[in-house]
Amino acid sequence: MGNMDGKAVEELSTTECHQWYKKFMTECPSGQLTLYEFKQFFGLKNLSPAANKYVEQMFETFDFNKDGYINFMEYVAALSLVLKGKVDQKLRWYFKLYDVDGNGCIDRGELLNIIK
């Protein structure tokens, strides 16, 4: 899922999109969410090192254009995937999340990280 899968995003109502935009811009007036703001936005505080690494991987996976920020479109795509995505879309995302080196395979080390 290197790009934003339009299927889940297309299923959003105008009202939902407007509510998400209002919340996003209230919490992040710059329109770009940093990793720190991402953690604040979702109330992720005092995380263990393992949980922190997982959150960082989530952030990087949702940052589709790899610019170090999550913009509103990436935010909508991420929420849409999590809340409304089909099983195969979610599985592709989880695979990408756990394929840390991005080589298209989950190697032994990555598999051990999943199990931990």
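How many residues does region 18-33 hold that are part of a helix (DSSP H, G or I) and surrounded by 15 or more Cβ atoms within 10 Å (Cβ to Cβ)? Before the answer, list the steps.
Let us first name the residues in region 18-33 that are part of a helix (DSSP H, G or I), namely 18-27.
Next, only the ones that are surrounded by 15 or more Cβ atoms within 10 Å (Cβ to Cβ) stay: 20, 24.
Summing the residues that are part of a helix (DSSP H, G or I) and surrounded by 15 or more Cβ atoms within 10 Å (Cβ to Cβ) in region 18-33 gives 2.
Being of a type in the set (S, T, Y), assigned to a helix (DSSP H, G or I) and surrounded by 11 or more Cβ atoms within 10 Å (Cβ to Cβ): is that true of Y36 here? No: the conditions fail for Y36.
Taking region 50-81 as the range and being surrounded by fewer than 17 Cβ atoms within 10 Å (Cβ to Cβ), under 18 Å from W20 (Cβ atoms) and out of contact with any helix residue (DSSP H, G or I) (no Cβ under 8 Å at 6 or more places or on another chain) as the test, only M73 passes. Residues in region 12-33 that are touching a residue at least 12 places away in the same chain (Cβ under 8 Å) and either at positive phi or not charged (D, E, K, R) (or both): L12, C17, W20, Y21, F24, M25, C28, G31, Q32, L33. May I ask you to verify whether G102 is assigned to a helix (DSSP H, G or I) and without any contact (Cβ under 8 Å) to a residue 12 or more places away in the chain? Taking the combined requirement at face value, the residue does not satisfy it. Within region 82-112, being among the polar types (S, T, N, Q) and surrounded by 15 or more Cβ atoms within 10 Å (Cβ to Cβ) holds for one residue alone: Q89.
With respect to the conditions (1) in contact with a Gly (Cβ under 9 Å, 6 or more places away or on another chain); (2) at pLDDT below 85; (3) of a type outside the set (S, T, N, Q), V9 falls short on a single one, namely (1).
The values are calculated or read from the model by the stated rules, or taken from the named source; none is laboratory data. Bear in mind that the values here come from a model prediction, so they are computed numbers and not experimental data. Here the Cβ is made from the backbone with ideal geometry for all residues, glycine too, and neighbour counts use every protein chain on show.
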